[in-house]
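*Asks:* Sharing a structure below in structure tokens format, with a few things to ask.
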Amino acid sequence: MKVGKRVGIALKREVGWCGMGLVGKPMGKSKWVGVELISYSSEKGPTLLPIFGLVLKPSDGGDGLSRKTHCILMKPKPYSFPLLNRYFCAQSPPLMAQTPACLDAEQPHDDYHQQHLGFPARSLSGESRAERAWAHWAKLGRPRFIVAPMVDNSELPFRMLCRKYGAQGAYTPMLHSRIFSETEKYRNEEFTTCKEDRPLFVQFCANDPDVLLEAARKVERHCDYVDINLGCPQRIAKRGNYGAFLMDNLPVVKSLVEKLAGNLEVPVSCKIRLFPNLEDTLKYARMLEEAGCMLLAVHGRTRDEKDGKKFRADWKAIRAVKNAVRIPVLANGNIRHMDDVRNCLEETEVEGVLSAETLLENPAIFAGFRTAEWMSESEGTNVDGKLDQADLLIEYLKLCEKYPVPWRMIRSHVHKLLGDWFSLQPHIREELNKQSKLTFEFLYDMVDRLRGTGTRIPLYKETRVELKSDSYSA
């Protein structure tokens, strides 16, 4: 390829074809050629994402060369950048094959590249991956208080309610990768987000790397991590061969992580459970890190310990995982109020905590509110709390009107938030259960009738200073 000669690029990825015009030019004292983007078109729209596996061909077939390379980035405007590639492989002449790329080129500066820190990171060493994992976590603001993934329950309106009351990050509900990749209706109903819904983990269950990648590529531009569910212990996960039951087939787990880590533009995270043997758990965590996982969320219970009220989460095991890997770690289990958050962060030294079931009853945990159930364990709380679960339900319903979700999700949250209230007014719960088709009008009226009975179960606000996201250094 001669310097200054116009060449054409053909890029094929699963998302489609893009055609671009490039001009080659020298890079200072280097013998290698840089390229300048002078035009582009893309089926994906105005933003051209980091590109790998480009095939360069002269537009006029002049010298017969077909060179494969790895580019770090292209911008949708004129911009000079080097061909930073692992190898510059030429099909002709043969002696050019496997020629190392230049190492003296400067890296481009780009807002999108800075935001995503050059993912994917398929060729990085373990140390470099860890550095990139921490840089990404820092860019997100090091969130401490995170909404855990909950099937049918961590949907957009609930995430936004929790964010209003102190949550700094959130997971989507678990999404089935095959159904998500194949069914538009499922995608539209089960995955919704908005600009304010960040940082966001989108979680998938899967056992096929290619299917998982196809699903993940549909969300990678709308989230901060694509998460693999490796912790679901339910029967449906056993029947579907996903979640915690993949702990019996670690090669499949490794292939899932490697597939995403080598092809996505956002990092991969994994949510796991413990093996009965701690050393097996540590080997598992290290294997995930080496495969390309850049964040681990550890549920401190084994696959058989499904009942969170019967089995306490093992924070010591979570701390051992934290010490065994070089990437950020989150803890899941035993989080009922802010005292638990403080204790967990201190005992495990993790970067953040996840809460699930307790958040369903009290989405304001991370703002320092707690239910009466946990009052006996705390001192210094405001027993005249002005906030109650009915207030939170009204806020949630308004968010559902703004961000529509399936009614089954709304019904579930109504029962979770008002469970204690219904125990005092069971006839109102019976009226709710008789409704085959819910409406917002009915639900608002139901809350008014509950309040009209004189029933009020307040949430209690801690009087101590709330834990800030930067109270503990990473």
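*Asks:* With the structure loaded, tell me whether Ala105 is surrounded by 18 or more Cβ atoms within 10 Å (Cβ to Cβ) and at pLDDT below 95 or whether it fails that test.
*Replies:* Against the criterion (surrounded by 18 or more Cβ atoms within 10 Å (Cβ to Cβ) and at pLDDT below 95), Ala105 qualifies.
*Asks:* On to the next question. Looking at region 288-307, which of the residues that are surrounded by fewer than 19 Cβ atoms within 10 Å (Cβ to Cβ) and closer than 22 Å to Lys238 by Cβ is modelled with the highest pLDDT?
*Replies:* Per the criteria, the residue is Asp304.
*Asks:* State all residues of region 444-458 that are at pLDDT 90 or above and either buried (at least 16 other Cβ atoms within 10 Å of the Cβ) or closer than 26 Å to Cys344 by Cβ (or both); if no residue qualifies, say none.
*Replies:* Within region 444-458, Met446, Val447, Leu450 qualify.
*Asks:* Scan region 424-443 for residues that are within 36 Å of the chain's Cα centre (by Cα), loosely packed, with under 14 Cβ neighbours inside 10 Å and in a helix (DSSP H, G or I) and jot them down.
*Replies:* Answer for region 424-443, where residues must be within 36 Å of the chain's Cα centre (by Cα), loosely packed, with under 14 Cβ neighbours inside 10 Å and in a helix (DSSP H, G or I): Asn433, Phe440, Glu441, Phe442.
*Asks:* Taking helices (runs of 4 or more DSSP H) that do not extend beyond region 204-272, which have at least 1 residues that are in the same structural domain as Leu354 (by TED's automatic domain parsing), of a type in the set (A, V, I, L, M) and surrounded by 21 or more Cβ atoms within 10 Å (Cβ to Cβ)?
*Replies:* Output list reads 209-216, 250-261.
*Asks:* Can you pull out the residues in region 444-465 that are among the β-branched types (Val, Ile, Thr) and within 35 Å of the chain's Cα centre (by Cα)?
*Replies:* Of everything in region 444-465, those that are among the β-branched types (Val, Ile, Thr) and within 35 Å of the chain's Cα centre (by Cα) turn out to be Val447, Ile457, Thr463, Val465.
*Asks:* Given (1) under 23 Å from the mean Cα position of the chain (by Cα); (2) under 28 Å from Glu373 (Cα atoms); (3) part of a loop (DSSP other than H, G, I, E, B); (4) not aliphatic (A, V, I, L, M), where does Lys310 come up short, assuming only one miss?
*Replies:* (1)
*Asks:* Before we move on, is Ala167 among the small types (Gly, Ala, Ser), crowded, with 19+ Cβ neighbours inside 10 Å, in a loop (DSSP other than H, G, I, E, B) and at pLDDT below 95?
*Replies:* Considered against the rule, which asks whether it is among the small types (Gly, Ala, Ser), crowded, with 19+ Cβ neighbours inside 10 Å, in a loop (DSSP other than H, G, I, E, B) and at pLDDT below 95, Ala167 comes out as no.
*Asks:* Output the qualifying pairs, or none if there are none: Cβ atoms under 7 angstrom, residues six or more apart or on different chains, first residue in region 231-257 and within 14 Å of Ala285 (Cα to Cα), second residue assigned to a loop (DSSP other than H, G, I, E, B).
*Replies:* Ala244/Gly231; Ala244/Cys232; Ala244/Pro233; Ala244/Arg303; Leu246/Asn207; Met247/Phe275; Met247/Arg303; Val257/Gly292
*Asks:* Could you check, for region 392-414, whether at least one of its residues is within 34 Å of the chain's Cα centre (by Cα) and at pLDDT below 95?
*Replies:* The answer is no; no qualifying residue exists.
*Asks:* Would you pick out the residues in region 171-199 that are touching a Phe, Trp or Tyr at 6+ places or on another chain (Cβ under 7 Å), outside any loop (DSSP other than H, G, I, E, B) and surrounded by 22 or more Cβ atoms within 10 Å (Cβ to Cβ)?
*Replies:* Passing the criteria: Tyr171, Leu175, Ser177, Phe180.
The values are calculated or read from the model by the stated rules, or taken from the named source; none is laboratory data. This is a predicted model, so every value here is computed, not measured. Counting neighbours? That spans all protein chains shown, and the Cβs are built from the backbone with ideal geometry, glycine included.
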